[in-house]
Structures are given as C-alpha cells and as structure tokens.
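Below is one structure; the comments refer to it alone.
The values are calculated or read from the model by the stated rules, or taken from the named source; none is laboratory data. What you see is a predicted model; the values in this text were computed from it and never measured. Here the Cβ positions follow ideal geometry from the backbone for every residue, glycine too, while neighbour counts run over all protein chains shown. These area figures cover heavy atoms from the full protein model, side chains too; ligands, DNA and RNA do not enter into them. Shrake-Rupley method; radii C 1.70, N 1.55, O 1.52, S 1.80 Å.
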Amino acid sequence: MDYCNTSDLLSLEQALTKMLSQVTPLPATEIVELTDAAGRITASAITSPIAVPPFANSAMDGYAVRCNELSSGMPLPVAGKAFAGAPFKDEWPANTCIRIMTGAPIPQGADTVVMQEQAVISEQGVTFSDNVHIGQNIRLAGEDIQQGAAVFPAGVKLGAAQLPLLASLGIVEITVFRALKVAIFSTGDELQPVGQPLGEGQIYDTNRFAVRLMLQQLGCQIIDLGVIRDDQQALRSAFEQADAVADLVISSGGVSVGEADYTKQILEELGEVGFWTLAIKPGKPFAFGKLKRAWFCGLPGNPVSAALTFYQLVQPLIAKLSGHSGWRPPLRLKAIAATKLKKSPGRLDFQRGIFTTNIHGELEVHTTGHQGSHVFSSFSQGNCFIVLERERGSVAIGETVEIELFNALLA
Ligand code: AMP
Ligand code: MG
C-alpha cells in the first residue's frame, strides 16, 4: 500500500459502521444487588413497584384544612398534628384545622394546605389569608412516578443519576448485562512495566496503563496479559490465550509496517482482519478483526494514537458489545480557533485543545502545543479534541472549528 496516498483509506465513519454492524450485544445477563450495580447496564426495562410519592403529603409547614370551611373567615381551632412519619389519625371535627409539617401524610378529608406564613394564630384558633386556593401545597400520590410506570429501558448505564431513583422505589435487585471480558497486552521489546527500572533503550508501558483505566471506567472485567516480546511465537500464544478467555482482545503496538510488527500476520493466521488502516490522525494503523471466538482491536503503539483510537473506536464498540444502547458519542460544539492549527489534507485530525469562553461569551479553543503522537501530556493539558475535517488544511486564527469535549474517560 502507498502510505502517502490517503484517498483509499477507510474513514472513521466507515470503520465504525463496519465494526458496529458486525457485533451484537452479549446475551448473558445476571442479577446484582442495587449496592453492587454502579457502572452496570440494565438488561431489561425497569418498572416502578410503587407510586412516588407513595401517598399524598404536604409540601409546606402549615395547616391542613377543608377549603370550604375558610369562607366564613372565622378562626379554626387546631384539632391535632401531622408530622412526616407520624400521620394524624384521630376524628377530625368540622370547622377545625390540623397543624401539618412538610412530608406528613394529608389527613383524610383535607383538600388544601395553607402555609404558616399565610396564617395568624389567636386564642380562638387560626385565621387564614384570603389568598388560598383549593388543592394548594399538596404533593399528590404518584405525582413523580406512577406504580407500574417505566423507569428505565434496557441499555441504561447505572450511576449516581439512576441508582438513587431505584433506591427510592425500594428496588433491591436489578438484571444487568454480564460485564464484558477484555484481555489486554502490549507488544514491544522496549517496554518495561511501571515500577521496574529502565534499561538502555527502554520506555515505560503507557498504553496498557491507559487502556486499563479506560476499561475500568467502562465497567469491563480486565484480563491483563502484560508485555509480550516482539517474537512471533510469544505473540501467537498471547493471542491464543486471550482468545480462550475474553470477549474482546486489545493489543497495542506492532500494527505498523516495521520489521518487528507481527500482529497483522498472526491475526491473519488465527482469525480474520476486518480492516487495518484508517484516514485519521493520530492513529492511522488501527486493526479490527475477529479471532476464533473473540473480537480483536489492535491499537497503534504511540500512546496518543493508542488512547485516541481506543476513545473513538473501541469505546463505541464496547458500548455495543456490553448492551449499552444508551451510549452517545461525546458532545461536539463549534468554537473559534484562538491559535493557528497546522494540518495537511487527507486525514480526519483529532488535535488536543483547551476550550474556554472569551469576553463575548463565545467558545474559543487553543492548541495544547506539540501534537506529536508520543506527546501524552497533550491529554492532561487539554479538555477537548479539535476535530478537523479530512480535506481541511491548516486553520488560521478566527476560523470556526468543531470541538469534541472529553467525556469521563479522559476528563
Ligand atoms: P509500534 O507500533 O510497535 O511500532 O510502536 C510505535 C511507537 O510507540 C514506538 O515508538 C514504540 O516504542 C511506542 N510504543 C509502543 N507500545 C508502547 C506502549 N505500550 N507504551 C508506550 N509507548 C509504546
Ligand atoms: Mg513495537
């Protein structure tokens, strides 16, 4: 393949379509307790076993009344009290009122709560302002959620916005998809695991660390096979070992065209290559394919390319495999380029940028500087990708560009 000619390279959209149309969500589900459900994905629709609120209750501290008894303007003696957790249960004589607190059940027969700021207390009882409307300050049973109503469909990721709601419904167990099993390894004779001293020509294995972190956030079960040397036999057995235990195998390095890049050859031997090179930058060499059992993604070796291709391609793939149908790509917005951006036409470019709001309230974006695919600090300095279209050239200050805000995987 001519590596300078980019016109025949697959676009990101084509690659995503190809990947996502081939894979189907894992069928296996399990039941977990609510307290263990953070980060899991609902495998069936959840309906509410109860109404919320479960009973009509007061929205204010004040007095429960029968509204028509206010028309005379006469003071109403207080017949009793209703507290949250301690309802009024006695006989309620005509032409009296009940002292009521926020959250207390509305006494039988009451149709209105008058807040205490609209009440004047005297020896004869309580007199209310003229400005009282029937039904006011009552939270009706089922006003938030009716019994049997749909709460979440299948495919929703459960987090701090969802789980407390389920707790409020008294739900203790949920059916979720089984966590995706993902085997990971890095390839390269130069790689040392973090925590070991560096020998001559060695570097630390950044990619496995980055991939692990992102997989943890995505709720995957990780099988870490470590660093695999640039040796055909070692690589073949790593692939076989990974394929035997995982739903998805992710390697990094060895996918370009160097002499020690054996990944493609072994993948062709053990399974099928779906595609190999993409018209994106960074990350032109990104492999997708199928082993005997598991799906396979081969990330490029350069750390920025590895993290970017994971984010743009593996993240949606994992969402689909995990049954996370509610997953949406990170938000894209328009911003004004506040610095020049260097680019050559041919590949969709994901530069790292810092977005801010300028004095006119408009979004603007600066480059993080050096955009080399080995400069990982561009992620920690940045808060967004500057997404530059495939055929676009360099960008001048003041031009409009698209930015994609980092989601929780990178933020
Ligand atoms: P490769 O794709 O194996 O040719 O690697 C491309 C570049 O990325 C080389 O400079 C490698 O040293 C570097 N590299 C490969 N794997 C890793 C890794 N796991 N962590 C950091 N750098 C890596
Ligand atoms: Mg290598």
Handout entry: the chain, helix-only ellipticity at 222 nm - DSSP H runs n ≥ 4, -39,500 (n - 2.57), divided by all residues, nearest 500
Key = -5000 deg cm²/dmol
Handout entry: Max mean-square fluctuation residue, GNM over the chain, Cα-Cα springs under 10 Å, options Leu180, Leu12, Leu140
Key = Leu140
Practice task
Would you mind estimating how fast the chain diffuses translationally, via Stokes-Einstein at 37 °C and 0.692 mPa s with the Kirkwood radius over Cα pairs, in µm²/s?
Solution key: 128 µm²/s
Handout entry: Residue-normalised accessible area of the chain, expressed per residue, 1.4 Å probe, Å²
Key = 48 Å²
Exercise for the section: Give me the lysines in straight-line cross-link reach of Lys89: C-alpha distance below 23 Å, same-chain residues under 8 apart excluded. Expected result: Lys81
Handout entry: Gain in span if fully extended, Ala84 to Ser237, counting 0.36 nm per residue against the direct Cα distance
Key = 48.6 nm
Problem - Vicinal HN-Hα couplings computed from phi for the range 227-240 (Karplus, 6.51 cos²θ - 1.76 cosθ + 1.60; Hz; Gly/Pro x) - result: 9, 10, 5, 7, 9, 4, 5, 5, 5, 4, 6, 5, 4, 5
Practice task
With just the Cα atoms of the range 60-158, tell me how far they stretch along each of the three principal axes, in Å, largest first.
Solution key: 60, 28, 20
Handout entry: the chain: antiparallel DSSP beta bridges as a percent of all, rounded to 5
Key = 65 percent
Exercise for the section: Quote to one decimal, in nm, the extra length available between Thr17 and His370 on full extension: 0.36 nm per residue of separation minus the C-alpha distance between them. Expected result: 124.0 nm
Exercise for the section: Would you list, by chain and number, the aspartates and glutamates whose Cα falls below 14 Å from the Cα of Lys292, excluding same-chain residues fewer than 8 positions away? Expected result: Glu240, Asp243, Asp247, Glu268, Glu269, Glu272
Problem - Rounded if a/c under 1.5, otherwise prolate or oblate - the range 332-405, Cα gyration tensor axes - result: oblate
Completion exercise
For the range 364-373, in residue order, the Karplus 3J(HN,Hα) values (coefficients 6.51, -1.76, 1.60; θ = phi - 60°; whole Hz; Gly and Pro = x) are 10, 9, 10, 6, 7, x, 3, 9, x, 6
Exercise for the section: Using the structure shown, select from Lys181/Lys320; Lys157/Lys264; Lys320/Lys342; Lys264/Lys342 the pairs with a Cα to Cα distance greater than 25 angstrom. Expected result: Lys157/Lys264; Lys320/Lys342; Lys264/Lys342
Practice task
Straight distance only, please: which aspartates and glutamates reach the Cα of Lys334 with their own Cα at less than 17 Å, same-chain residues fewer than 8 apart left out?
Solution key: Asp349, Glu362, Glu364, Glu389, Glu399, Glu402, Glu404
Fill in the blank from the handout: Checking rank on 314-324, 246-256, 78-88, with mean other Cβ inside 10 Å and highest first, the result is 246-256, 314-324, 78-88
